[in-house]
Amino acid sequence: MPDTGFSIKKVLKYDRVVSTNDVCLELIEKGEKEGTAVIALSQTGGRGRRGSVWVSPENAGIYLSFIMSAPQTYPPGLVPLALALSTLRCVKPRAGGASIKWPNDVLLNGKKVAGCLAETRKKFIVAGIGVNLNNEPLSFPDPIKMTATSLKIETGQTQDREMFSVLLLSELGSVFSGLEKTGPTVLLKELRASCSTLGTSRQYLGKDGPATAVARDIDSSGGLIIERSDGKIEVIYSGE
Ligand code: BTN
């Protein structure tokens, strides 16, 4: 029987690329299959969700993407959460105050230390993770400066990029193969315990436009269950 379980089989390392997600998307066009990861020392056009820029200076952070098959046995909405959880597991032993901001940010003391970008191409998902490791406070451009941080800023300690990448690849392996083998129950339990979004009140873009709501729970397909101020319960799926 062929081995269909999740694993990273190959890691391609680059000094500088436009975006590690773009490299994976191009590789898919050339016939590359799941299990290939791309790591770069810097990105000239690092991308975030909804057209945002991911600041990617040389040697300061982790810029990692990998190709996975679109999941067959669990909902695709769990992929961003699984990426965030894998990253959180690497951040937590290095700094206090780490949490997940649904659906795919990792925060340290309320500021963003890592973000994830999942993009679909053909029957694959390109999963990209950026982690701010050794960025200095003044290195973030203006609007981002207010909301971004790095492990070095929060702990005062320089982080070893190589070691962090090895650990991240290993956590990705265990989170995604756990999802395949045992389903989402374990992942959801850990996520709920680590998600600082739950219990907080925010503006969300729901079915009837923007509304203030309290995040109550994460459902089994990765959606955020929110309770609007008029008492209505809604599930949102993409962090609007
Ligand atoms: C976000 O927070 O909006 C997502 C940020 C994702 C950044 C990573 S860095 C590696 C990969 N390559 C990219 O261009 N983006 C992702």
Of (1) crowded, with 17+ Cβ neighbours inside 10 Å; (2) more than 13 Å from CYS116 (Cα to Cα), LEU85 satisfies all except one. Which? (2)
Name the pairs whose Cβ atoms lie under 6 Å apart, with the first residue in the range 29-56 and outside any loop (DSSP other than H, G, I, E, B), the second within 9 Å of the ligand (Cβ to nearest atom) and of a type in the set (S, T, N, Q), and 6 or more positions between them or separate chains? VAL38/THR20; VAL38/SER65; ALA40/THR20; SER42/SER56; GLN43/SER19; GLN43/SER56; ARG47/SER19
Only one residue in ALA84, ALA98, ALA40 is within 27 Å of SER139 (Cα to Cα), away from the ligand (no atom under 15 Å from the Cβ) and modelled with pLDDT of 95 or more. Which one? ALA98
If a residue has to be over 24 Å from ASN134 (Cα atoms), in contact with a strand residue (DSSP E or B) (Cβ under 9 Å, 6 or more places away or on another chain) and not in a strand (DSSP E or B) to count, how many in the range 57-79 make the cut? 4
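Let's see how each residue does on (1) among the basic types (Lys, Arg); (2) in contact with a Phe, Trp or Tyr (Cβ under 6 Å, 6 or more places away or on another chain):
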position	(1), (2)
GLY31	no, no
ALA37	no, yes
THR44	no, no
ARG50	yes, no
SER56	no, yes
PRO75	no, no
LEU78	no, no
LEU85	no, no
Considering only the range 17-37, how many residues are touching a helix residue (DSSP H, G or I) at 6+ places or on another chain (Cβ under 7 Å) and either modelled with pLDDT under 95 or near the ligand (Cβ under 10 Å from one of its atoms) (or both)? 1
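For the range 190-240, which residues satisfy the criterion of being among the small types (Gly, Ala, Ser), under 20 Å from the mean Cα position of the chain (by Cα) and surrounded by 12 or more Cβ atoms within 10 Å (Cβ to Cβ)? Walk me through it before giving the result.
In the first step, residues of the range 190-240 are kept if they are among the small types (Gly, Ala, Ser); the result is 193-194, 196, 199, 201, 206, 209, 211, 213, 215, 220-223, 229, 231, 238-239.
This time we only want the ones that are under 20 Å from the mean Cα position of the chain (by Cα), so: 193-194, 196, 215, 220-223, 238-239.
Result: SER194, SER196, ALA215, SER220, SER221, GLY222, GLY223, SER238, GLY239.
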Any idea how many residues of the range 102-128 are among the charged types (D, E, K, R), surrounded by fewer than 21 Cβ atoms within 10 Å (Cβ to Cβ) and assigned to a strand (DSSP E or B)? 4
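The values are calculated or read from the model by the stated rules, or taken from the named source; none is laboratory data. Computed from a prediction, not measured in an experiment: that's the story for all the values here. Because the Cβ atoms are built from the backbone with ideal geometry, glycine has one as well, and the counts that use them run over all protein chains shown.
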